[in-house]
Amino acid sequence: MSFVDIGALEDIPAQGARVVRTKLGCVAVFRTADDRVFALADRCAHKGGPLSEGIVHGHKVTCPLHNWVFSLETGQAQGADTGQVQTFAAKVEAGRVLLDAAQMKTESAA
Amino acid sequence: MKKLVVIGAGMASGRMLEHLFEVAPGEWDVTLFNAEPRGNYNRIMLSPVLSGEKSFEEIVTHDAGWYEAHGVTCRFGERVVSIDTARKEVTGEKGAVAYDKLVIATGSEPFMIPLPGRDLEGVIAYRDLEDTNRMIEAAAPGARAVVIGGGLLGLEAAAGMRLRGMEVTVVHLMGHLMERQLDPAAGYLLRRALVDRGIEVLCSANSKEILGENGKVRALRLDDGTELPCDLLVMAVGIRPASALGRAAGLAVGRGIQVDAQMRSSNPDVLALGECIEFEGQLFGLVAPLYDQAKVAAATLSGESASFTPREVSTKLKVTGCDLFSAGDFAEGPEREDIVFRDPARGVYKRLVLEGNRLIGAVLYGDVADGNWFFGLIKDATDVSEMRETLIFGPAFQGGAPADPMAAVAALPADAEICGCNGVCKGAIVTAIQNGATTLDAIKATTKASASCGNCAGLVEQVLAVTLGDAFVAPTARPMCGCTEHPHEDVRRLIKAKALKSMPAVMQELGWKTPNGCHSCRPALNYYLLADWPLEYKDDPQSRFVNERNHANIQKDGTYSVMPRMWGGMTTPDELLAIAAAAKKYNATVKVTGGQRIDLLGIKKEDLPHIWADLNAAGMVSGHAYSKGLRTVKTCVGTDWCRFGTQDSTGLGIKLEKRLWGSWTPHKFKLAVTGCPRNCAEATCKDLGVICVESGYEIGVGGAAGMELKETEPLAKVASEEEVIDITVAFVQLYRESANYLDRPYKWIAKTGGLGWIRAQVVDDLENRACLIARFDLSQSIYQKDPWAERATPDYQRAWSPLADLTKEAAE
Ligand SMILES: Cc1cc2nc3c(=O)[nH]c(=O)nc-3n(C[C@H](O)[C@H](O)[C@H](O)COP(=O)(O)OP(=O)(O)OC[C@H]3O[C@@H](n4cnc5c(N)ncnc54)[C@H](O)[C@@H]3O)c2cc1C
Ligand code: HEM
Ligand code: SF4
Ligand code: FES
């Protein structure tokens, strides 16, 4: 893995998200109420809705377009819906948010 | 004898010396320096000294006799100014002394926020006996203190001073108290307990400046301009390792003096322990790990092998009557599971965090009896799979009962108002039940509770059930969502009856089953709270749907549409030029809407603050086409132009829109004013529509033109524009106060049993109408602000752009 610094934790609202542009398309970086971060492709498995604009509750996000709910940990759709959104490694260190850029390179090459 | 010099007579060094004299009696000639003019005492018991529950003498741990018996040379009240590791010599203010081994145990220094005025007299920290005595001396009844910092120390200081009769305000930067040890729910309960003791607590409050007079503190000013007068200001916002001596002596220092697991610094003859050290990047602020370090340091000095491993710590607040306990790691996480138990009746909150089959964290409030049992399970990493189901009930209780949905109603005091329409309290209903009214209808007949709008019927049934026990089976209404047992109606009533003014307050008092709700209840609660407590509650953007959070309508491709207000559907050539320019600049698709205005579609999120700034510059504000709030007021040209016109329908529409815009409602709210019954503005399918006639104005309500097509029902006929405006405002406010979230007015009207009750409130009862209007206007004083103007700033422009762009890096 090769983590890159994408910004400060405070730059992401608690129970909110910010978007990072990558070669693979936009990645949504979420911050939960307990100050953990998760990175998911910013495209809903249903019809491509921007998950970064969803309501964050617990470690889940609800898509703003048709209310599908996804686990931020696994990217799996919850409940009756089926589908998965790609996840990326992300972490917080000394107040900075780090995202695994290697993952994006290899998968864009593939 | 070998010479040992110890710098700092604190909690860590005191314990270390005890161990040392035990394992190696008579081997060391000890010199003990302390900057404070006294020897070792139990610092953590300063709080009971402050509150008057203990005297200083009771907390001294080592007295003159002890030092003498062990041959300790005491140099108390003398600060060490330098260490020379080459010559192995320590210099104090009154002279030097040589050592074979040196122990640094200087503890930490309180962090003082660099606010203007921090050097004024009366600005203190909370660390030692001097600080404690300053607080005790200041504590004349009626004297005022402000404490900055709502952590352990700040709250103990506040509670102690309050017990001595002072007026105390706690100013805390974060959203809830003790945020490092507690989650928001427990923080809410703690805050309530402190407020009950007469302590004022301000959260999310940022200190700006300390104001003084003749060199003495006079008040604290917050960044919102609030001034808090005070005679004493205590800063308790954190500590920093006192590592300067070590740094000057050339030891390896990060944030603290770096030591290995044997407590040795980078110089093998110099040990360090306590709050002044850093071990594997970790700092220490509670005594339990310091005691472990003391043991290791004593062993290292006597040449024995021992090794320090940091352990889990638990926290208790030493404020009599505030029972809270937290231990371990209680953040949510992958493969982690929460068990939440709330008993609103007893003010109890418990949360356990499990990872796999292990308990890794616990937060308890109100009932901490099982704290140490949980702490043991955490420390020992016990496999708890066998008792998982009943774990939260503690060791004594295996086979627990499920949470009681009736608990919130059972906990209501007798004077809590159940029926808002008729002002009936719980006590009156209970009395009626005891006098034989054992059905809902009988209660209605005897007390009038739930006899008007009917919203509180569910609650009355719960009071029946609580009072009669098994003799009454309450029909179960549909809960708001999976997070609670309560239906919308009950939640709305209880928010008012119990004066619940924050999201954690509602979730705790009404027994929410999830830590922070879901996408279904959070927007509803956010609306109820801001509608009922416009002054106290702060709108939470993260509990709003995307459109209301971003003040634009999201489209299927993730772009947004932007729609400026056109008052009453009127515009001007200049506005049209500005709209055209913006459409070109941001490459928008232009659509004339059904709401008599112009929609610019296809705007990227990061462009929103820019296009708003452009439209603002031309005098336009948000049209709120995205909101559960006032949308448009459609009008026809009326007497201005039309040969059939009877009244100034355009002018009245504009007046209504100017009064109502910016208000939030349970669902969207649309109006129209049409100049004659030909109805060109389609007023008969609006939430509220006005039809102008020769003799005045006909007001209809409850129309809709969606999947369900509804015609308005007549509410009133009045003679003047003023009356139209008053009745409209009162109707909107009544809807705001009593409808369920996401019920359009026609649904709400049906639930209240037709227009009768509503007409009585807003048309017939003039006094009530005036009160509704006054409450609406109060809310507008907060919420009638253009959200675009507030957000067309560089800060928002930054916040709404991507956080980072990795497309370039990824290409390398
Ligand atoms: C009011 C209060 C309540 C607390 N409550 C709790 C609690 O409930 N539970 C808990 O676990 N912890 C609590 N703590 C924290 C706990 O007291 C500390 O963790 C502990 O005292 C640290 O011990 P120490 O020996 O490292 O430092 P200290 O006890 O601070 O001792 C350091 C000593 O070194 C002296 N010194 C510093 N520099 C020099 C120098 N250059 N020359 C000579 N002497 C010097 C200082 O004057 C001081 O006396 C509380 C702290 C306070 C202030
Ligand atoms: C997500 C779904 C919807 C979107 C994106 C949407 C969008 C819009 C927009 C942009 C307008 C123009 C409004 C204005 O000028 O302010 C409009 C008007 C209108 N919408 Fe919707 N709408 C939606 C759902 C609905 C629903 C559910 C209803 C019915 C309940 C409805 C009924 C109407 C009506 C009647 C108008 C015309 C307004 C008027 O005549 O006053 N819409 N809609
Ligand atoms: S509603 Fe009546 S007054 Fe208004 S434009 Fe139509 S015909 Fe004219
Ligand atoms: S696009 Fe996300 S739920 Fe439909």
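The values are calculated or read from the model by the stated rules, or taken from the named source; none is laboratory data. In this text the structure is predicted, and so the values were computed from the model without any measurement. Neighbour counts run over all protein chains shown; Cβ positions are idealised from the backbone, glycine included. Heads up: the accessible areas ignore ligands, DNA and RNA and are worked out on the full protein's heavy atoms, side chains in. Shrake-Rupley method; radii C 1.70, N 1.55, O 1.52, S 1.80 Å.
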Which pairs, out of B:Lys584/B:Lys604; B:Lys658/B:Lys785; A:Lys60/B:Lys513; A:Lys91/B:Lys808, put more than 18 Å between their alpha-carbon atoms? A:Lys91/B:Lys808
Inter-label distance for B:Glu130 and B:Glu790, nm, one decimal - labels placed 7 Å from Cα along Cα-to-Cβ: 4.6 nm
Packing-wise, with mean Cβ within 10 Å as the measure, how do B:188-196, B:303-311 rank, highest first? B:188-196, B:303-311
List the residues whose amide H sits under 5 Å from the amide H of A:Thr22, counting only those 5 or more places along or on another chain, with H placed 1.01 Å from N in the peptide plane. A:Val27, B:Leu806
Hey, what angle do you get for helix B:649-660 against the long axis of chain B, alpha-carbon based, 0 to 90 degrees rounded to 10? 20 degrees
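Quick check on packing: order B:669-676, B:796-803 by the mean number of other C-beta atoms within 10 Å, highest mean leading.
For the peptides B:669-676, B:796-803, the packing ranking is B:669-676, B:796-803.
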Cα coordinate range in the range B:547-627, projected on the principal axes (Å, largest first): 31, 24, 19
Between chains B and A, the summed loss of accessible surface on complex formation, probed at 1.4 Å and reported to the nearest 100 square angstrom, is 2900 Å²
Show me, for the range B:345-353, the HN-Hα J-couplings you get by feeding each phi into the Karplus relation (A = 6.51, B = -1.76, C = 1.60, θ = phi - 60°), rounded to Hz, glycine and proline as x. 4, 9, x, 10, 9, 9, 9, 10, 10
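What average count of beta carbons from other chains do you get within 10 Å of the Cβ of residues in B:514-522?
Taking all residues of B:514-522 together, the mean is 5.
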Mind giving me the nanometre distance, one decimal, between the label points for B:Arg192 and B:Lys591, set 7 Å out from Cα along Cα→Cβ? 4.6 nm
Can you pull the one-decimal nm distance between simple spin-label points at B:Glu78 and A:Ala80, each 7 Å off the Cα toward Cβ? 8.1 nm
Based on the Cα gyration tensor of the range B:1-119, what are the three equivalent ellipsoid semi-axes, each the root of five times an eigenvalue, rounded to whole Å and given largest first? 27, 21, 11
Could you grab the relative contact order for chain B? Cα pairs under 8 Å, six or more apart, rounded to a whole percent. 7 percent
Quick calc, A:Phe3 & B:Lys501: beta-carbon distance into FRET formula, R0 41 Å, rounding 0.05, result 0.50
Just subtract the alpha-carbon distance of B:Met387 and B:Glu708 from 0.36 nm times their residue separation and send over the number in nm, one decimal. 110.4 nm
So if R0 is 35 Å, what FRET efficiency would B:Asn372 and B:Asp269 give, r being the distance between their Cβ atoms, rounded to the nearest 0.05? 0.30
Any idea what the relative contact order of the range B:631-783 is, in percent, if you count C-alpha pairs under 8 Å spaced at least 6 apart? 19 percent
The protein assembly as shown - accessible surface per residue (Å², probe 1.4 Å): 42 Å²
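Using a ≥ b ≥ c from the Cα gyration tensor of chain A (square roots of the eigenvalues), is it rounded, prolate or oblate, where a/c under 1.5 gives rounded and otherwise the larger of a/b and b/c decides, a/b for prolate?
On the way: a/c = 1.92, a/b = 1.21, b/c = 1.59.
Oblate, since a/c reaches 1.5 and b/c is not below a/b.
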Within 10 Å of each Cβ of B:549-558, how many other protein chain Cβ atoms are there on average? 3
Could you check how much of the accessible area of the range B:483-562 is carbon and sulfur, as a whole percent, using a 1.4 Å probe? 54 percent
Rounded to 5, the percent of DSSP beta bridges in the protein assembly as shown classed as antiparallel: 70 percent
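Please tell me the relative contact order of the range B:547-627 in percent, rounded to the nearest whole number, where contacts are Cα pairs under 8 Å and at least six residues apart.
44 percent
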Which aspartates and glutamates does B:Lys717 reach when only Cα atoms under 13 Å apart count, and residues fewer than 8 places away in its own chain are ignored? B:Glu694, B:Glu698, B:Asp726, B:Asp764
Would you mind estimating how fast the range B:406-471 diffuses translationally, via Stokes-Einstein at 4 °C and 1.567 mPa s with the Kirkwood radius over Cα pairs, in µm²/s? 114 µm²/s
Cα principal axis extents for the protein assembly as shown, largest first, Å: 114, 79, 66
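Per residue of A:48-59, what is the mean number of Cβ atoms on other protein chains within 10 angstrom of that residue's Cβ?
Working: counts 3, 5, 6, 0, 5, 9, 3, 12, 5, 12, 7, 5.
Taking all residues of A:48-59 together, the mean is 6.
Which GluC sites (Glu not before Pro) does the range B:447-541 hold that lie in a coil by DSSP with at most 11 other beta carbons within 10 Å?
Within the range B:447-541, the qualifying GluC sites (Glu not before Pro) (loop, at most 11 other Cβ atoms within 10 Å) are B:Glu536.
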Residues from the range B:761-807 losing no less than 20 square angstrom of accessible surface in the full protein assembly compared with the chain alone, 1.4 angstrom probe, ligands and nucleic acids excluded, are B:Ala799, B:Pro802, B:Leu803, B:Ala804, B:Asp805, B:Leu806, B:Thr807
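Loop only per DSSP, at most 13 neighbouring Cβ atoms within 10 Å: give me the GluC sites (Glu not before Pro) in the range B:42-151, ordered by residue number.
Within the range B:42-151, the qualifying GluC sites (Glu not before Pro) (loop, at most 13 other Cβ atoms within 10 Å) are B:Glu93.
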Proximal aspartates and glutamates relative to B:Lys2, as straight alpha-carbon distance under 20 Å, when same-chain residues fewer than 8 apart are discounted: B:Glu18, B:Glu22, B:Glu27, B:Asp29, B:Glu68, B:Asp84, B:Glu89, B:Asp100, B:Asp269, B:Glu304
If amide H atoms are modeled at 1.01 Å from N in the peptide plane, then the residues at a separation of 5 or more from B:Phe76, or on another chain, having amide H under 5 Å from its own are B:Asn34
For the pairs B:Lys444/B:Lys751; B:Lys444/B:Lys747; B:Lys668/B:Lys710; A:Lys47/B:Lys556, flag any whose C-alpha to C-alpha distance is greater than 19 Å. B:Lys444/B:Lys747
Residues with amide H under 5 Å from that of B:Gly92, placed H, sequence gap 5 or more: B:Val81, B:Val97
Can you tell me which aspartates and glutamates have their Cα less than 16 Å from the Cα of B:Lys496? Leave out same-chain residues fewer than eight positions away. B:Asp415, B:Glu417, B:Glu509, B:Asp532, B:Glu536, B:Glu737
Coordinate range along principal axes, alpha carbons of chain B, Å, largest first: 114, 72, 60
Enter the angle in degrees (range 0 to 90, nearest 10) between the Cα long axis of helix B:608-617 and the first principal axis of the Cα atoms of chain B, meaning the one along which they spread out most. 60 degrees
Simple Cβ-charge dipole of the protein assembly as shown, Lys/Arg +1 and Asp/Glu -1, about Cα centre, in debye nearest 20: 1880 debye
Rounded to whole Hz and in sequence order, give me ³J(HN,Hα) for the range B:784-798 from the Karplus expression 6.51 cos²θ - 1.76 cosθ + 1.60, θ = phi - 60°, writing x for Gly and Pro. 7, 9, 6, x, 5, 4, 5, 10, 7, 10, x, 4, 5, 4, 6
